[in-house]
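A.B. asks: The structure's right below; bear with me while I get my questions together.
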Amino acid sequence: MEQAEVMVHVEKRLNRRLMSNKIGRFVFLLATLFGLFVLALLLYRVVSEGWSYINWSFLTGKLSTDPNRAGIFGAILGTLWLMAVVAPVTMILGVATAIYLEMYARPNKLTELIQTNIANLAGVPSIVYGILGLTVFVRLMDLGNVVLAGGLTMSLLILPIVIVASQEALRAVPSYLSEGSLGMGATKWQTIRSVVLPVALPGILTGAILALSRAIGETAPLVVIGIPALLIPLPGSIFDKFTVLPMQVYYWTLDSSLVAEYANLAAATIIVLLLVLLLLNSIAIVVRNKFTKRF
């Protein structure tokens, strides 16, 4: 009798676990479908409102108070200038910091504190970096709301992400590769430059490209440092005033309450921005798949 009761009890527990598993799968599937539905609805709304406005004159035209003549060439050019500052600053500082923390710094309380702070900085709201950029670059360094100030502010925003991604890529390099290089008489820097970095490069580039994708889509820091979206001359250097695609979307969305056509222009700009982000993410996937080495 006791054995039969035990079997019944085990069977009941098994049935409860199977039922919990089915409920969990259903809930997770429902959450996934809900997210996909909302995403599809947003994409449909944006594409249906903005696709007809995308043409050559829209892509190459300047900003205008007339919705029928307005273009985003200035915003595209400003975005490119912004990335021309963000990309080298972030890559150089981020990768150098990761190399130092992983390859040179001794494990102690100070390095643990630095690692913790870097991880925490990756989750700080972007508007905080905007306030920091306004205080340091715009006012203290008296740069004004130019490309250089915006690029340095965005670099601060994504620098923790690049550092963490680079550290993970460096940790993924098999230890026997560097040990073999050191055993053959190479110096530590020669080992890092010739052995570790080539192997870790796909992970570093993937993290950097995804971080740059975030920088392209950020608006809050640029709003704080006072990036305009008015009729300004096209930027020709890092010391010129500029605007970017997300800022243009932001201001045209605000202006849509006065002129309905601005909502369509904002939707068209969103489509262009999504295509740019899709291109960058595709490049990240190609880089990861093409250059990743198996050991």
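A.B. asks: Does Ile92 count as loosely packed, with under 13 Cβ neighbours inside 10 Å, under 19 Å from the mean Cα position of the chain (by Cα) and not hydroxyl-bearing (Ser, Thr, Tyr)?
C.D. replies: yes
Yes or no, residue by residue, for (1) within 25 Å of Leu280 (Cα to Cα); (2) small (Gly, Ala, Ser); (3) under 23 Å from the mean Cα position of the chain (by Cα):
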residue	(1), (2), (3)
Val223	yes, no, yes
Gly226	no, yes, yes
Leu234	yes, no, no
Ile238	yes, no, yes
Met247	yes, no, yes
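A.B. asks: Report the residue count in region 165-194 for those that are surrounded by fewer than 20 Cβ atoms within 10 Å (Cβ to Cβ) and among the hydrophobic types (A, V, I, L, M, F, W, C).
C.D. replies: Residues that pass the stated criteria total 6.
A.B. asks: Which residues, taken from region 101-123, are surrounded by 13 or more Cβ atoms within 10 Å (Cβ to Cβ) and without any contact (Cβ under 8 Å) to a residue 12 or more places away in the chain?
C.D. replies: Ala105, Thr111, listed by residue number.
A.B. asks: Could you list, in sequence order, all residues of region 248-285 that are in contact with a Phe, Trp or Tyr (Cβ under 6 Å, 6 or more places away or on another chain) and among the acidic types (Asp, Glu)?
C.D. replies: Scanning region 248-285 gives a single hit, Asp255.
A.B. asks: Looking at region 26-43, which of its residues are of a type in the set (Phe, Trp, Tyr) and over 21 Å from Ala267 (Cβ atoms)?
C.D. replies: First, the residues of region 26-43 that are of a type in the set (Phe, Trp, Tyr): 26, 28, 34, 37.
Listed by number, the residues that qualify are Phe26, Phe28, Phe34.
A.B. asks: Looking only at region 138-162, filter to residues that are within 12 Å of Leu212 (Cα to Cα) and among the hydrophobic types (A, V, I, L, M, F, W, C); which one of those is farthest from the chain's Cα centre (by Cα)?
C.D. replies: Here the residue is Leu156.
Bear in mind these aren't lab numbers, they're just calculated from the coordinates by the rules spelled out. The structure displayed is predicted, hence computed values, not measured ones. Cβ: placed from backbone, ideal geometry, glycine included. Neighbour counts: every protein chain shown.
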